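First up is the structure itself, then whatever we jot down about it.
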């Protein structure tokens with residue numbers, strides 16, 4: 001697997017790809033609790049856990065009742081064929 005710095009894509013002999021995931025994390029019953037110190041703690045905790053998981057966070061923001069995070073994974077796409 002190789003990386004094209006100009007386009008930002010990964011490629012191999014037969015394909016090119018860039019996998020990005022948009023995660024939305026919502027508080028229970030959409031209670032607006034993500035403010036002040038709680039918001040700071042949750043954001044830093046998520047950033048730490050995503051970094052440990054090998055996720056490159058492209059963007060993270062939200063509202064008092066939810067968080068949006070767009071992440072990029074350096075993984076090769078795999079097709080899973082059903083067992084017949």
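The values are calculated or read from the model by the stated rules, or taken from the named source; none is laboratory data. On a predicted model such as this, the values are computed, not experimentally measured, just so you know. Here the Cβ is made from the backbone with ideal geometry for all residues, glycine too, and neighbour counts use every protein chain on show.
A few points about this structure:
- In region 49-73, residue surrounded by the most Cβ atoms within 10 Å (Cβ to Cβ) [restricted to those that are modelled with pLDDT under 95 and outside any strand (DSSP E or B)]: 55
- Scanning region 4-26 for residues that are in contact (Cβ under 8 Å) with a residue 40 or more places away in the chain and within 15 Å of residue 56 (Cα to Cα) yields 10, 18, 19, 20, 21, 22, 23.
- Those residues of region 7-31 which are farther than 17 Å from residue 43 by Cβ, within 19 Å of the chain's Cα centre (by Cα) and part of a loop (DSSP other than H, G, I, E, B), in sequence order: 8, 18
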